[in-house]
Each structure stands twice: as C-alpha cells, then as structure tokens.
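Okay, so here's the structure we're looking at.
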Amino acid sequence: MTTTFESLKRISSKNIVSPKGFTATGIHCGVKHKKKDLAILVSKVPANVAGVFTTNVIKAAPLVLTKQVVKEYGKMQALIVNSGNANACTGTQGYKDAETMQQLTAEKLGIAKELVGVSSTGVIGEIMNMEPIAKGIAEITPNATLEGAIDFAQAILTTDTVTKNTAYSVVIDDKEVVIAGVAKGSGMIEPNMATMLAYVTTDADIDQQALQQLLKEVTDVTFNAITVDGDTSTNDTVLVLANGLAGNATLTPAHPEWETFKAAFHAVSQDLSKMIAKDGEGATKLIEVKVEGAVTDEEARKIAKTVVGSPLVKTAIFGCDANWGRIICAVGYSGATVDPTDVKIQIGSTTVVEKGEPVPFSEEELIVYLKQNEVKIAVSLNQGVGYGTAWGCDLTYDYVQINATYRS
C-alpha cells in the first residue's frame, strides 16, 4: 500500500491525544512496585469503535469483556488499562474483576458501563489485587496534554524498553483529520496477535462497519506481520476509537478520499508494528523480510513471517553471520509454493542466492552491514505477483535472561 498522498503528514508530537476530543493519562496505583501501572483514555463523546483480538483460545477476562462491547454496542467512550497483571486464566473471579474495573470507570466518568473497555497485561494466572486498582481509578484524571499521553504510554508497558507512539494528519473534506496510535509489546509476540496492546484514536467521522473492516484488512499486513518469539498471548488487543469531531463527511469506501484516510491508518499501524518488533525483549536489531513473486500476497506474507520468525535466522543476525542457508531453509518449510531452482535472496543490497544456488560475495562487507541496527532481507520467488513484508528482531542472550526471571 502506498502512503504517498499529498496531505498525509506525520505529526512530530506523536501522541494519543492529538486527535480532537481525547484525553489520557497514566499513574502508579500499586499493582507494580514502582512503575506506572494504570492508564485511562477518554473521548469527549461516544466514539465508533473497532477491535481485533487474539486468536489464542485462552482469552483473558478483560479481553472477553471488551470484545463484547465492540461486537454488541459498536461504541466506546473510555478505556481503562492496567499493567503488571494480565487477569488471564483467573476464572469467574477474573471476569468479575474486569467488570468491576468497567463499572468503577463508568461511575467516575458518569457514562454507561457499556461504553467502557478494559485491557490488562502482565503475569498470567494471578488473581488481580483490586484494592489498588479501585483506588487508582478513583484518583486518575485524564487530560489533553503531551505529559498525559506520555504517562498513558508508560503505564501500559511491561518488559518494553521504550514507549511506542505515532500520529499522522490528513485533509478530508477540507478538514484536518488526525490519526494517532500508542502500543506496548516486547515479548510473547507472534501476532495473530500477541502480548501486544495497541490503541488508535482518530477524530475522523467514519462508519463503524467500515472502520471494523479497515482495521481487519490493515492488521493482516501490519500487526499480524510481526513476530518476536513465536508465542501468542491471551491478552492482545487492537482498538480504534473514532469520535467524528473533525467534522468531515462520514467516511466509507465510497467516499472520494477513502484511500487517503486508509493510507494514514496504515501508516499508524505499520509504525507501531515496527516499533514493537524493534523493541523485542533483548533485541538489538530490527529485521525486515520482503517477499515478492509468490503465488499470492497471503503466501508471500507467510514466507516472510516464517523467515523472520526462524530462531536460526534470528540468532544468525544477532551474531552477524551471513548464513543464508538458514534463510532459504525457512523459505522451504514455510508451506508456500516454492521452486527451489528459482529462488533469489538478498541481504541488504548483496545477492547471496540466485536461482537457488550460491553467489560469490564478500563475507567481510556483509558482516559490516549485519552490524547495523536494521537488517533487510529480500526473497524473490518468480511464482506469481504475490508480495508481502514481515518484521521481527534478533534473538539474543538477554531474551533468555529476561524471560527466565520474568516473575522474579
């Protein structure tokens, strides 16, 4: 998808409250020892909402509750999020606790509980301590400042090393429309989706069904095109709130500027996806794999994600080892249609395989390239016109250390 539209601009402030009518903040309430652990996002008016959720059959209680809000009501005005406890695999009590978070937030804001979504992230299988949560909800006060947006972004983190924010503006019907996003995710990332929370706000007026379909389409080529470690979480969620305060005519695929909005939406989602992949637990490098010439786009994405998800490829990139055999091996076991005699592989600008056979190259020059913090791999198959991209990160000693001591 192209994002070269004349009115499309990235906003330097890059925060979740950039669109009109949104407020947010995050605080420390006591779920974690010291760091911020409770966040709130509020729209001035009820917003159309769309969501996509984990494919794991084990789903956390707040996700089940929020999915119901999206599916049954299609509107959301507030979102309450805690980190430090996933409220997953917690049975009947876990669902009651998610409902309590929803109810307390609704009462605080004076809105219907059906307009409140709930997200949680953190350790699986521990009953939530609701005393600090309840106290935090009573105290938390969202605002429209950059500081509030930063506090929100910090409060949703777990093992992340950085916050993840982005925002773009476009002109629709001569009105400025802003789309912003914030996310967390560092480990247990194999989206379809994974321990990944992503929230997108926009002041665009957009039809709810059109928004849901757009989110699904864009998620397939962004959030579902990243992998860190192959684990799919119980809590991953992407939510989009569109409150319509920009004043444009209602967007649907029939709107003449639909593609402009779609490009901006894609840009936000892709930015967040790449930030998550780059911030994989212990990661030192972002890996991008592009596949062209596959039978279909779906097969191209499948191959790209297989390559970027291969532990052997990931460790080779970490060690600056130009071991292209691991790449072609992953292409072969991806399950996609491949002619072994017609595969081309490039690492950076260096061709290492042509028609399935090795090509002489300078090992020393390629090692210099592999030392960079972004590594690009290109695979050409000559089987069709399918194209796809996936993002991931290297696999390091620190990944093992972080996950070996996660509950310590």
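The values are calculated or read from the model by the stated rules, or taken from the named source; none is laboratory data. Because the structure is predicted, anything quoted here is derived from the model rather than measured. Cβ sites come from the backbone with ideal geometry, for glycine too, and all protein chains shown count toward neighbours. These area figures cover heavy atoms from the full protein model, side chains too; ligands, DNA and RNA do not enter into them. Shrake-Rupley method; radii C 1.70, N 1.55, O 1.52, S 1.80 Å.
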Only one of 342, 394 is in contact with a helix residue (DSSP H, G or I) (Cβ under 7 Å, 6 or more places away or on another chain) and of a type in the set (Asp, Glu), namely 394
Exception for residue 53 within (1) surrounded by 15 or more Cβ atoms within 10 Å (Cβ to Cβ); (2) more than 19 Å from the chain's Cα centre (by Cα); (3) of a type outside the set (Gly, Ala, Ser) falls at (2)
Within the range 319-343, the residues that are touching a Lys or Arg at 6+ places or on another chain (Cβ under 7 Å) and farther than 12 Å from residue 383 by Cβ are 320, 334, 335
ask   = Taking the stated definitions as given, is residue 20 at pLDDT below 95 and either part of a loop (DSSP other than H, G, I, E, B) or among the charged types (D, E, K, R) (or both)?
value = no
Any chance residue 284 is touching a Ser or Thr at 6+ places or on another chain (Cβ under 7 Å) and of a type outside the set (Phe, Trp, Tyr):
yes
Could you say whether any residue in the range 372-385 is of a type in the set (Lys, Arg) and in a loop (DSSP other than H, G, I, E, B)?
-> no
- Out of all the residues in the range 60-72, is one or more of a type in the set (Asp, Glu) and farther than 25 Å from residue 158 by Cα? yes
When every residue in the range 352-397 that is open to solvent by 10 Å² or more (accessible area, probe 1.4 Å) and of a type in the set (A, V, I, L, M) is compared, the one nearest to residue 269 (Cα to Cα) is 378
Apart from one, (1) open to solvent by 40 Å² or more (accessible area, probe 1.4 Å); (2) more than 26 Å from residue 363 (Cβ to Cβ); (3) part of a helix (DSSP H, G or I) all hold for residue 341; the odd one out is (2)
Within the range 10-36, restricting to residues that are polar (S, T, N, Q) and surrounded by fewer than 18 Cβ atoms within 10 Å (Cβ to Cβ), the one that is farthest from residue 77 (Cα to Cα) is 12
Going through (1) within 26 Å of residue 86 (Cβ to Cβ); (2) surrounded by fewer than 22 Cβ atoms within 10 Å (Cβ to Cβ); (3) at pLDDT 95 or above; (4) touching a strand residue (DSSP E or B) at 6+ places or on another chain (Cβ under 8 Å) one by one, residue 59 fails only at (3)
Under 29 Å from the mean Cα position of the chain (by Cα) and at pLDDT 95 or above: does that describe residue 369?
yes
Residue 215 meets each of (1) modelled with pLDDT of 95 or more; (2) within 16 Å of the chain's Cα centre (by Cα); (3) crowded, with 24+ Cβ neighbours inside 10 Å with one exception, condition (3)
Scanning the range 319-330 for residues that are in a helix (DSSP H, G or I) and among the hydrophobic types (A, V, I, L, M, F, W, C), the one most open to solvent (accessible area, probe 1.4 Å) turns out to be 329
Note: among 133, 156, 179, just one is touching a Cys at 6+ places or on another chain (Cβ under 8 Å) and β-branched (Val, Ile, Thr), namely 133
Given the conditions (1) farther than 21 Å from residue 168 by Cβ; (2) open to solvent by less than 70 Å² (accessible area, probe 1.4 Å), every one holds for residue 93 apart from (2)
